[in-house]
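First up is the structure itself, then whatever we jot down about it.
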Amino acid sequence: MDEIQIASILKSSELFPIPQGVKLSYGTAGFRGDAKLLESTVYRVGILSALRSLKLGSATVGLMITASHNKVSDNGIKVSDPSGFMLSQEWEPFADQIANASSPEELVSLIRKFMEKEEIAIGENNKGAEVWLGRDTRPSGESLLRAGEIGVGSILGSVAIDIGILTTPQLHWMVRAKNKGLKATENDYFENLSTSFRCLIDLIPSSGNDKLEISKLLVDGANGVGGQKIEELRGSLSNLDVEIRNTGRDGGVLNEGVGADFVQKEKVLPVGFGFKDVGMRCASLDGDADRLVYFYIPSDSSEKVELLDGDKILSLFALFIKEQLNALEDDEERKQSRLGVVQTAYANGASTDYLKHLGLDVVFAKTGVKHLHEKAAEFDIGIYFEANGHGTILFSESFLSWLVSKQKDLTAKGQGGSEEHKAVSRLMAVSNLINQAVGDALSGVLLVEVILQHLGWSIEKWNELYKDLPSRQIKVEVPDRTAVVTTSEETEALRPMGIQDAINSEIKKYSRGRAFIRPSGTEDVVRVYAEASTQEDADSLANSVAQLVKSFLGSS
Ligand code: G16
C-alpha cells in the first residue's frame, strides 16, 4: 500500500470516528444495531467491499444498508459477494477487526496486513474495485449509504454506484447477474420474475386449470420496501390478484406490529388485517423482503391465525419439485438427482417428519442463511428454509446444463408436448423464478402462488400437509448475551455451565418436549424456542426456560 493510498484512508477515516464503548460484531447477517452508532462501521465495510472486489478481479460486490426485521431506529449492513451469496465467512474476522479499530492508524495497519496476506494489490495494473450500494426505506439509510460510498472511494481507483432503494434480494440478484454478464437492472429483475412466472402458469396442466381458483392474495408489506416493489411488479403479472397493505405510505412504522418476523414469532395478525379477511390467503414480508410467511384466519375464528411458515413453504416447494423429478421417466440417472432440504433447529418437528416421509435427505445447519446456503449447494437441487421464512431453492450448474440439453433432446425427438418435456420446462422456469442468490420474498410469493394454482389447492389444503407441533419463541434481554455458547447445531448450550442440565430437566416434564436457547446475532437478546404436544405445554416450557436464562445470566 503506497503513501497516497495510506493518506486517502487516514483522511477519510477522520470523518467517521468510532463510537466509544461499543463492541461491534459481524453477527448472523452482518453488522446491525442502533443506526446512530453505525456510520463508522458502514464506512469501514465500504473499504472491505472494495478490497473484496479487488481480490476477485474487480468483480462487482454489493453493499446493502438494512436492518431487515429489526426496529426502524436500527440499521445494518449486508455484503453480497460477486456470486450474489453472502460475504465469504473467511472475511468475517477481518470485518470484525476493522469495525473495532480504535484509530485511523490502527485501521490502516490492519488493512495493510490483510492486503499482504490476501495478496491484494491496488495500482495502475489493476482495474479498480466496483461496489453497488442499495438501501431499504429506513430514514437513516441515505446518510449511511454515503458513509459506505466514502469507504469504497477511499480505496484508490474504486467506483461506488448508488442503486437506490431496493429489497436485499434484488441487490444480490443484480450483483450476481452483473458478474455473470447478464442484464442486471431492476427492470431486468422484474422482467425475469414475470416471464418465468408466466411460463409456469402456461405449464399448469389443464386438469389443474379446471380447479383453478385465482382468489385474491393479501400482502402485508411490513411498511417497508417489499410492498412497494410488489406494487411495481404487479402490473406485469397476469393470473395473480394482489392487494397490498402496510406499504409504509399510510403512516405505518416499519416492522411495528407488522411483517413476517412479527407474524411468525407472535402468531397474531399484523396491523391492517382483521375479521373482514376470514378465509383469505395472506402473505407477510419482512422489512427488506428476504423473508416470507403465509397465514389465514380460519372461518371458525376471528382472532386465531393459522401460520404457514418457512417450513411449510419448504414442504410445498419440495413436493412440487419432487413431482417434476418423478416425471423424468426415461432417465434413471437424473430421476435419482439428489434433492435435499436444509433446516435449522427452529424447524418444527412435524415438518422434519413430513419431509423425511417424502423420502428426502434432510440436513441441519446453524441459524443464518449463510450456513444453510452452503449445505444446500451440495445437492443437485437444494431447498433451504428457516422457519422464519428465509429460504430459496438452489440448482447446481451441472443439473441446469442437463436440463437444457434434455429439453433440446426431447424437442428434437418431437416430444415437445410430453409430460417429461413439461416437467423439464417447469424445473427450468423455477430455477429462473426463484432467486439463486438469497431468499427472496417476491420470488417466493410467485412460486407459492403458481404451485397452489398448479395443484388447484386452497391455503387450507396446503396447511393440511402436516400439523405443526405447538411451539413458542421468546426473547430474553440479558446483560451479556455472548455468555450463551451453544453446540454447532445450536440445540444445546455449552455455557453458562449447568444451564443445559437445567433445561433438560424442564424438557423431561412435557410430552414431545423440545427446547433450546441461543444468542441472537441480529438483536441484543437470547432467543428461547420450545415445542410440545399442546400449546399450553409449549408456552409453559418456553417460560420456564426463559426463567432459567434470567437466573443464570441476570435480567437487563
Ligand atoms: C437474519 C438472517 C437469518 C436469521 C435471522 C435471525 O435475517 O439472515 O438467517 O434467521 O437474521 O437471526 P438471529 O436469530 O441470530 O437474530 P434478517 O431477515 O433479519 O436479515
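Just so it is clear, none of the values below were taken in a lab; they were calculated from the coordinates. Note that the structure is predicted; figures quoted are calculated from it, not measured. Methodologically, a virtual Cβ is constructed for each residue, glycine included, from the backbone with ideal geometry; neighbour enumeration extends over all protein chains shown.
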Could you work out how much longer the chain between Ile6 and Val525 gets when fully extended? Use 0.36 nm per residue separation minus the Cα distance between them, nm to one decimal. 183.0 nm
Rounded to the nearest 5, the percent of DSSP beta bridges in the chain running antiparallel is 55 percent
With r defined as the distance between the Cβ atoms of Val278 and Lys467 and R0 fixed at 22 Å, what FRET efficiency is calculated, to the nearest 0.05? 0.60
List every DSSP H helix in the chain whose Cα atoms extend 20 Å or more along the helix's own long axis and whose mean Kyte-Doolittle hydropathy is at least 1.6. 441-455
Given the DSSP H assignment, sum -39500 (n - 2.57) over each helix run of at least 4 residues in the chain and divide by its residue total; what's the result at 222 nm in deg cm²/dmol, nearest 500? -13000 deg cm²/dmol
How big is the gap, in Å, between the Cα center of the range 328-396 and the Cα center of the range 16-56? 32 Å
What is the chain by shape, rounded, prolate or oblate, if you read a ≥ b ≥ c off the alpha carbon gyration tensor as root eigenvalues and call it rounded for a/c under 1.5, prolate for a/b larger than b/c, and oblate otherwise? oblate
Peptides 136-148, 62-74, 276-288, 492-504: what's the order by average Cβ count within 10 Å, highest mean first? 62-74, 276-288, 136-148, 492-504
Per the 1/(1 + (r/R0)^6) rule, R0 = 41 Å and r from the Cβ atoms of Ser299 and Ser238, FRET efficiency to 0.05 is 0.90
Loop-only trypsin sites (Lys or Arg not before Pro) in the range 427-488, please: DSSP not H, G, I, E or B, and at most 13 other Cβ atoms within 10 Å. Lys467
Estimate the FRET efficiency between Lys322 and Gln20 by the formula 1/(1 + (r/R0)^6), using the beta-carbon distance for r and 51 Å for R0, to the nearest 0.05. 0.40
The relative contact order of the range 73-178, taking Cα pairs under 8 Å that sit 6 or more residues apart, comes to a percentage of 32 percent
Net charge within 9 Å of Gly310 by Cβ-Cβ distance, Lys/Arg positive one each and Asp/Glu negative one each, not counting Gly310 itself? -1
List the trypsin sites (Lys or Arg not before Pro) within the range 215-271 that DSSP assigns to loop and that have no more than 15 neighbouring Cβ atoms inside 10 Å. Lys216, Arg249
Over 24 Å between Cα atoms, which of Lys23/Lys78; Lys322/Lys422; Lys229/Lys322; Lys127/Lys183; Lys322/Lys375 qualify? Lys229/Lys322
